[in-house]
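Nothing in this text is a laboratory measurement; each read-out follows from the coordinates by a stated rule. Only a predicted model underlies this, so the values are computations on that prediction, with no experimental measurement involved. Reconstructed Cβ throughout: ideal geometry from the backbone, glycine too, with neighbour counts over all protein chains shown.
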Amino acid sequence: MSGEQPRTIHYNKYYGSMQTLLDRFDRRARADAFDGKSAEDFAPWRRKSRETLLDLLGMNRMEKCPLEPLVDEVTELPAADGAPMIRREHVVIQVEPQTWMTLYLLIPETIAPGKGADCPQVYLALPGHMGAGKESIAGRAEIPAVADAIRQFNYDYGLRLARMGHVVACPDCRAFGERRDEDRRGDSEDDFLGSTCFQLAHMAEGLGETVCGMCTWDGMRLMDYLEERGRTEGWDVSSFGCVGFSGGGMQTLWTAAMDDRVSTALISGYLYGYKDSLLLLCGNCSCNYIPRLWEHFDMGDIASLIAPRRLIVQSCRGDHLNGPRGLDNVYEQLDIVRSAYRLFGAEEKILHDIREGEHCFHPEVLEVL
Ligand SMILES: [Zn+2]
């Protein structure tokens, strides 16, 4: 309405904190980056770095307990377009006392009992934001909201891997899907696709815990379950593949960095420098943040812990999450990772798959697995 008195006043100048923090990042970051010369130097660095990270992530405060697995629902997905019939089990396992992980286990009919070492690799397919947790990863396109999320991000990489003949575990990570906390347990599309990882990060912080730590812990517990299950089923569970896009890429990074049972890691849409992507871009979900992490390591240092195992990084040229310098912020971190792989003569174990466009998973990369 014209003539009405404005309800606020305008400031011509602001006095924020960003520049101080950026400068402090430059002065303090990466104090524990690898500074050795050889593969022999690398092993003690990795051991010490993992100890530091177990503390920063809050994982040394977490409690182990019996898994008490329960398969409470089985659905058969018919064979299609030359891909096998899939048995989809809904499974619940206990990851910490009173904390349960819900997951789908996708088992292609081609995985017959007793096949042992002939069995293709078993995969963890980890979810990102706004895909209803495991529902989009397991390709439940019969749910319209999930179908849209799959169309937007190609989120159904779990189902795609199963159609390729792999046993695939598609979990709800903490605060996603059936594991949402009280704030977002509604059936509205926003609540159903969304998550309470933002709230969980706040709930955890004062107790010295983090969402990254919880998800890493849960990924390890999931591998414990798959080892148990695989031994009775005759699957090859001597190592695992791990795949994830966006928040699923974050979980893949951490799980592979902290647990050598992951022999192949495919990180899509989540490998870049912290300064540009999580300090300068400070509107990302709280589940990305770990108190004091940047003083010790940048993301390339964490990914270096995966050396010399197989690492596939997928980046989109137009992904705004790379930060204002775009792929340069990715290349710098991959240079750190490459220098670690070089110690092992294993640079060829890294593949950087660059795609055009915005933040999105490109399933063509699954072919290289
Ligand atoms: Zn989040």
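List of remarks:
- Neighbour-limited loop hits for trypsin sites (Lys or Arg not before Pro), the range 1-86 (at most 13 other Cβ within 10 Å; DSSP other than H, G, I, E, B): R7, K13, K37, K64
- Note on the range 18-359: with charges restricted to the Cβ of Lys and Arg (+1) and Asp and Glu (-1), its dipole about the Cα centre is near 800 debye.
- Residue-by-residue Karplus 3J(HN,Hα) for the range 87-92, coefficients 6.51, -1.76, 1.60, Hz, glycine and proline x: 8, 9, 9, 9, 10, 10
- Equivalent-ellipsoid semi-axes for the chain (Cα gyration tensor, √(5λ), whole Å, largest first): 33, 27, 20.
- Within straight-line reach of K349, meaning a Cα separation under 29 Å, sit the following lysines at least 8 residues removed in sequence or on another chain: K37, K48, K115, K134, K275.
- Of all DSSP beta bridges in the range 112-250, antiparallel share, percent nearest 5: 10 percent
- Set against the 2.2 N^0.38 Å expectation for a compact globular protein, the range 146-246 has a Cα radius of gyration ratio of 1.23.
- Here the contact order of the range 18-359, divided by its residue count and restricted to Cα pairs under 8 Å and six or more residues apart, works out to 17 percent.
- Most mobile of S263, S136, S188 in a GNM of the chain (Cα contacts under 10 Å): S188
- Contact order relative to length of the range 287-369, as percent, for alpha carbon pairs under 8 angstrom and 6 or more apart: 39 percent
- Among beta bridges identified by DSSP and lying wholly in the chain, the antiparallel ones come to about 50 percent.
- For the range 18-359, the residue among F25, Q152, G133 whose Cα projects farthest onto the positive side of the dipole built from Cβ charges is F25.
- Stokes-Einstein translational diffusion, the range 14-73 - Kirkwood Rh over all Cα pairs, 1.567 mPa s, 4 °C, in µm²/s: 82 µm²/s
- Think of each Lys and Arg Cβ as +1 and each Asp and Glu Cβ as -1; about the Cα centre, that makes the dipole of the range 196-295 roughly 200 debye.
- Convex hull of the range 176-298 built on C-alpha atoms - directionally averaged projected area, nm²: 9.1 nm²
- Here is the list for the range 236-306: trypsin sites (Lys or Arg not before Pro) lying in DSSP coil, each with at most 10 other C-beta atoms within 10 angstrom of its C-beta, are R292.
- Once exposed loop chymotrypsin sites (Phe, Trp or Tyr not before Pro) are cut out (DSSP; at most 10 other Cβ, 10 Å), longest piece of the chain: 16-369
- Leading residue at positive end of dipole, the range 272-314 (Cβ point charges), from N284, L305, W294: L305
- Loop-resident trypsin sites (Lys or Arg not before Pro) (DSSP state other than H, G, I, E or B) in the range 178-255 with no more than 16 further Cβ atoms inside 10 Å of their Cβ: R185.
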